[in-house]
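**Student:** Please find one structure pasted underneath; my questions will follow.
The values are calculated or read from the model by the stated rules, or taken from the named source; none is laboratory data. Fair warning: this is a prediction, and the values are worked out from it, not measured in the lab. As a convention, Cβ positions derive from the backbone with ideal geometry for all residues, glycine included, and neighbour counts pool all protein chains shown.
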Amino acid sequence: MLRPLLHFFLIGGLLFAAKAVYERGHSEGPRIIVRIPAEANPAEVERSIREAILLREVRRYGWDRTDPIVYTHLVRNMRFIEPDTPDDDLVLFQRAVEMNMHAHDPVVRARLLYRAGEALAYVPEDQVPSREELEAHRQAHRDRFEREGRVRFQQVFLSRSKRGDALAGDAREMQERLSELGDARPSGLGDPLPGLRTEQSTTPSDVKISYGLDLWRVFEEPVTGVWRGPISSVYGLHFVKVIDTEPAYVPPLEIIGAEVRADRLREIREELRKERMAALREAYRVQIETVP
């Protein structure tokens, strides 16, 4: 918990304080030179500028020399370059830094940019959403938290592997028997299938995963009280009768509070990241040098 808080004070505190000083009358802010390929498009140029600013900041505070992943990676690099060296890890790391390896290694670069991004997205305590705010978020974005409706149905299955060439004829006979069954349960009819029960409740999505698109379409547009089939799946033929349906719904906050909180925090982090990055971008004087 301490490390993200430290990141926030470093990037979120000191830099914005420096920006405030700059805005009060200093004629020049931090200056940085960014070298960009001549063929880069505007989006690539802006990304390069943002990354250059963030990398300057993490180096300014020494994260490239204190991050454990950077340390391990550079030591591994040095041991590859100098496989017979008797030096310990610390000496190798210091030598890698002296060689400026940390400034050019793509793994180190990605790690430091990740840490900078996490720092920019740090959520201070006073911006953590309250229960009331979470409930408002749940209501405002019901589509994000909606649970799929369920269907209760009866099913009779005929196995393709068991019945072979007789499957089509058996299906015609089963269709006639089911049409005469009325409201009675189809107990004892059909073949066994793992997970299959005479009557069960599930979601259309689960049916799609278990049996395929053809059976799923029956539940996407359910007609209650009527036997439908035969419907083909990879296993064989199915006859189904929908008994009733339950509509889609959004669970109360007591049940999905963690999910709602994570979703709202994701939004807040993205807002803070953009806001803080914009402040950093404004605080810097950027000189672009085009390279071949």
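**Student:** Being of a type in the set (D, E, K, R), within 30 Å of F157 (Cβ to Cβ), in contact with a helix residue (DSSP H, G or I) (Cβ under 9 Å, 6 or more places away or on another chain) and at pLDDT 90 or above, is that true of even one residue in region 231-253? Give the derivation first.
**Tutor:** Filtering region 231-253 down to residues of a type in the set (D, E, K, R) leaves 241, 244, 246.
Those left that are additionally within 30 Å of F157 (Cβ to Cβ): 241, 244, 246.
Restricting the remaining residues to those that are in contact with a helix residue (DSSP H, G or I) (Cβ under 9 Å, 6 or more places away or on another chain) gives 241.
This time we only want the ones that are at pLDDT 90 or above, so: 241.
Yes, because at least one residue in region 231-253 is of a type in the set (D, E, K, R), within 30 Å of F157 (Cβ to Cβ), in contact with a helix residue (DSSP H, G or I) (Cβ under 9 Å, 6 or more places away or on another chain) and at pLDDT 90 or above.
**Student:** A further question follows. What about G13, is it buried (at least 16 other Cβ atoms within 10 Å of the Cβ), farther than 18 Å from A103 by Cβ and either touching a Lys or Arg at 6+ places or on another chain (Cβ under 9 Å) or at pLDDT below 85 (or both)?
**Tutor:** No; evaluated as a whole, the condition is false for this residue.
**Student:** Name the residue, out of L272, L265, that is in contact with a helix residue (DSSP H, G or I) (Cβ under 8 Å, 6 or more places away or on another chain) and either not in a strand (DSSP E or B) or not hydrophobic (A, V, I, L, M, F, W, C) (or both). So that I can check it myself, show each step before the final result.
**Tutor:** Details: L265 fails: in contact with a helix residue (DSSP H, G or I) (Cβ under 8 Å, 6 or more places away or on another chain).
None of the others qualify; the one that does is L272.
**Student:** In addition: Working carefully through the options I231, I209, find the one that is under 24 Å from P247 (Cβ atoms) and touching a His at 6+ places or on another chain (Cβ under 8 Å). Walk me through it before giving the result.
**Tutor:** Working: I209 fails: touching a His at 6+ places or on another chain (Cβ under 8 Å).
Of I231, I209, the one residue that is under 24 Å from P247 (Cβ atoms) and touching a His at 6+ places or on another chain (Cβ under 8 Å) is I231.
**Student:** In addition: Cβ contacts < 8 Å: first residue over 20 Å from Y211 (Cα atoms), restricted to region 233-250; second residue assigned to a loop (DSSP other than H, G, I, E, B), any location; separation 6+ or different chain. Result?
**Tutor:** Filtered contacts from region 233-250: E246/G149; P247/G149; A248/E146; A248/E148; A248/G149; Y249/E146; Y249/G149; V250/E146.
**Student:** State whether one or more residues within region 74-83 are in the same structural domain as E51 (by TED's automatic domain parsing) and within 23 Å of R60 (Cα to Cα). Please lay out each step first, then the result.
**Tutor:** At the first step, the residues of region 74-83 found to be in the same structural domain as E51 (by TED's automatic domain parsing) are 74-83.
With the extra rule that they be within 23 Å of R60 (Cα to Cα), the set shrinks to 74-75.
Yes, because at least one residue in region 74-83 is in the same structural domain as E51 (by TED's automatic domain parsing) and within 23 Å of R60 (Cα to Cα).
**Student:** So is F80 of a type outside the set (G, A, S), modelled with pLDDT of 90 or more, assigned to a helix (DSSP H, G or I) and loosely packed, with under 14 Cβ neighbours inside 10 Å or not? Talk me through it step by step, then tell me what you get.
**Tutor:** Values: of a type outside the set (G, A, S): yes; modelled with pLDDT of 90 or more: yes; assigned to a helix (DSSP H, G or I): yes; loosely packed, with under 14 Cβ neighbours inside 10 Å: yes.
In short, yes.
**Student:** Additional query: Which residues, counting only those in region 202-258, are touching a Lys or Arg at 6+ places or on another chain (Cβ under 6 Å), among the acidic types (D, E) and under 23 Å from R138 (Cα atoms)?
**Tutor:** Listed by number, the list holds a single entry, E246.
**Student:** Exactly one of (1) over 31 Å from the mean Cα position of the chain (by Cα); (2) assigned to a helix (DSSP H, G or I); (3) in contact (Cβ under 8 Å) with a residue 24 or more places away in the chain is unmet by S205. Its number?
**Tutor:** (1)
**Student:** Can you tell me which residues in region 111-153 are more than 30 Å from E246 (Cβ to Cβ), modelled with pLDDT under 95 and among the aliphatic types (A, V, I, L, M)?
**Tutor:** Result: L112, L113, A116, A119, L120, A121, V123.
**Student:** A further question on this structure: I'd like to check something: does region 124-131 contain any residue that is touching a residue at least 12 places away in the same chain (Cβ under 8 Å) and within 22 Å of the chain's Cα centre (by Cα)?
**Tutor:** Residues of region 124-131 that are touching a residue at least 12 places away in the same chain (Cβ under 8 Å), as a first pass: 124, 127-129, 131.
Adding the requirement that they be within 22 Å of the chain's Cα centre (by Cα) leaves 128-129.
Yes, some residue in region 124-131 is touching a residue at least 12 places away in the same chain (Cβ under 8 Å) and within 22 Å of the chain's Cα centre (by Cα).
**Student:** Scan region 112-143 for residues that are among the aliphatic types (A, V, I, L, M) and under 15 Å from D263 (Cβ atoms) and jot them down. Even if it seems obvious, please write down each step before you answer.
**Tutor:** Taking region 112-143 first, the residues among the aliphatic types (A, V, I, L, M) are 112-113, 116, 119-121, 123, 128, 134, 136, 140.
A121, V123, V128, L134, A136, A140, listed by residue number.
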